[in-house]
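Derivation of every value follows stated rules applied to the coordinates shown; laboratory data play no part. Note that the structure is a prediction, hence the values are computed from the model and not measured. Please note: Cβ atoms are built from the backbone with ideal geometry, for glycine as well, and neighbour counts cover all protein chains shown.
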Amino acid sequence: MKAYISLVSSLSRVLGVIAILLVAGAALVVCQMVFVRYVLNGSTVWQTEFVIYALVAATFLGSPFVLLEGGHVNVDLLPNAMPRPVRLVMNAAAGLVGLAFAALLAWSGWIYFEEAWTNGWTTDTVWAPPLWIPLAPLPLGIGVLCLQYVAEILRPFAGNGYGKAIL
């Protein structure tokens with residue numbers, strides 16, 4: 001159980017770093033786009049679409065890291081007022097609800113990704129990248145989010161204390 005938690009936590013951290021790099025890349029592309037448009041008076045073809053896809057990908061890929069670090073918004077007034085055994089049950093129930101939602105989102109995202117891959121869909125823009133590329137972060141990031149939810153549910157039982165996310 002501890003090995004699973006450690007492995008998933010490491011994977012979530014790697015995806016967190018990738019999310020940071022995507023946000024940084026998006027910022028650099030925005031700067032390049034502004035330079036090309038307003039200094040060189042040129043047109044931009046791919047920049048806006050890249051920035052949108054990079055920021056959405058960063059959101060999905062970064063979500064397991066946010067859960068690992070307890071960065072999601074939560075209201076903890078009631079759980080903090082409860083004794084430890086009740087708090088443990090409440091945390092597990094909240095984790096299971098989050099896991100169910102994330103699993104449904106990952107599954108539907110996988111179906112959409114697979115359709116785009118199989119049918120060779122592209123975006124309806126001048127750049128026209130294959131649609132599976134911007135769709136891949138949804139099932140990947142949310143799939144790892146599911147694994148991180150399981151790790152956070154198991155964490156109190158592994159002797160590591162309470163998990164940060166569903167405390």
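Using the Cα gyration tensor of the chain, with a ≥ b ≥ c the square roots of its eigenvalues, what is the shape: rounded (a/c below 1.5), prolate (a/b larger than b/c) or oblate (neither)? Verdict is prolate for the chain. In plain terms, the chain from Met90 to Leu40 could stretch by 12.2 nm, reckoned as 0.36 nm per residue minus the Cα-Cα distance.
Of the GluC sites (Glu not before Pro) found in the stretch 23-119, those in coil by DSSP whose Cβ has at most 15 other Cβ atoms within 10 Å are Glu69.
Counting only Cβ charges, +1 for Lys and Arg and -1 for Asp and Glu, the dipole size of the stretch 2-158 around its Cα centre is about 520 debye. For the stretch 50-125, the square roots of the Cα gyration tensor eigenvalues, ordered a ≥ b ≥ c, give a/c of at least 1.5 with a/b greater than b/c, which places it in the prolate category. Net charge of the neighbourhood of Val30, taken over other residues with C-beta under 14 Å away and scored Lys/Arg +1, Asp/Glu -1, is 0.
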